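Report on the following structure.
The values are calculated or read from the model by the stated rules, or taken from the named source; none is laboratory data. Bear in mind the structure is a predicted one, so any value in this text is a computation, not a measurement. Every residue, glycine among them, receives a Cβ derived from its backbone with ideal geometry; neighbour counts consider all protein chains shown. Side chains included, ligands, DNA and RNA excluded: accessible areas come from the protein's heavy atoms. Shrake-Rupley method; radii C 1.70, N 1.55, O 1.52, S 1.80 Å.
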Amino acid sequence: EAQVTQNPRYLITVTGKKLTVTCSQNMNHEYMSWYRQDPGLGLRQIYYSMNVEVTDKGDVPEGYKVSRKEKRNFPLILESPSPNQTSLYFCASSPSQGTQYFGPGTRLLVL
Amino acid sequence: AQSVAQPEDQVNVAEGNPLTVKCTYSVSGNPYLFWYVQYPNRGLQFLLKYITGDNLVKGSYGFEAEFNKSQTSFHLKKPSALVSDSALYFCAVRAVFSGGYNKLIFGAGTRLAVHP
């Protein structure tokens, strides 16, 4: 089944404790992206990747890192999480000019 | 600036009645427009898109959307609402930048509540 998977789905952590949210797609898509969803703000792009080893900042990149060592994986790294990073996170993938497909989301709470 | 506006935070409709969820956009060049739906505790699901061609686009679950270039709108519609249509709906436009980079710009979302 064609899909985007994210892990974990739910995460509670404390300020400053490094964490990684994994994202994987099995559709051989070139383009991958991370978004955060906050009430009243819709989805805002954090980082994106147009292909392996090609990543760039989106609209709200502060406090986040990404890497794209393989085509299928695009992990999101929070080196030192803070409470303002409490949010719902979505990974998405697409062919370079195609429709984006989203993962199920990761709900993060930073205490 | 390229943007998407969904003017209604919530839309309430009785089951069986037609529904409309509004979306207007501002983008350079020809717009690529999308609607996504988010059910509780689920990711975003693609509903439909407009790239070119017929202004009335049909999508999943009986939804359709009408592209209106002069009004820069892309309203989502359904002739007869179901309780199971209750969800959060997002309109998005693809913005294209130099070097081939493109991204989706999302509206804030509209919560649709269909009452029995």
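Cross-link pairs exceeding 23 Å in C-alpha to C-alpha distance, out of B:49/B:69; B:22/B:78; A:57/B:58; A:18/A:57, comprise A:57/B:58. Among the protein heavy atoms, those of residue B:94 account for about 10 Å² of accessible surface (1.4 Å probe, every chain in place). Taking a Cβ cut-off of under 13 Å around residue B:92, the surrounding Lys, Arg, Asp and Glu residues balance to a net charge of +4, with basic ones at +1 and acidic ones at -1. Of all aspartates and glutamates in the structure, those lying under 20 Å Cα to Cα from residue A:65, and not within fewer than 8 positions of it along the same chain, are A:30, A:38, A:53, A:56, A:79.
Tally Lys and Arg at +1 and Asp and Glu at -1 over the other residues with C-beta under 14 Å from the C-beta of residue A:99: what net charge comes out? All intermediate terms of the calculation are to be shown ahead of the outcome.
Numbers: positive: B:49, B:94, B:103; negative: A:30.
Charge balance near residue A:99 sits at +2.
Summing charges over neighbours of residue A:71, with a neighbour being any other residue whose Cβ is under 14 Å away from its Cβ, gives 0 when K and R count +1 and D and E count -1. For the protein assembly as shown, the Kirkwood estimate of hydrodynamic radius, built from reciprocal distances between every pair of different alpha carbons, is 18.1 Å. For the pair segment B:29-43 and segment A:52-111, the centres of their Cα atoms are 18 angstrom apart.
Could you give the alpha-carbon Rg of chain A over 2.2 N^0.38 Å, rounded to two decimals?
Numbers: Rg = 13.0 Å, N = 111, 2.2 N^0.38 = 13.2 Å.
So chain A has a normalised radius of gyration of 0.99.
With the whole protein complex present, residue A:10 retains an accessible surface near 130 Å², based on a 1.4 Å probe. Solvent exposure of residue A:12, expressed as accessible area, is near 120 Å², computed with a probe of 1.4 Å over the protein chains only. Heavy-atom accessible surface of segment B:4-74, averaged per residue, reaches 53 Å², computed with a 1.4 Å probe. Excluding ligands, DNA and RNA, the accessible surface per residue across chain A is 47 Å² with a 1.4 Å probe.
In the protein assembly as shown, carbon and sulfur make up what percent of the accessible area (probe 1.4 Å)?
Details: 5420 of 10670 Å².
The value for the protein assembly as shown is 51 percent carbon and sulfur by accessible area.
Between A:42, A:81, A:63, the Cα set farthest toward the positive side of the dipole of chain A (charges on each charged residue's Cβ, about the Cα centre) is that of A:81. If you take the alpha carbon atoms of segment A:51-111 and fit the smallest convex hull around them, that volume is 97 Å³ per residue.
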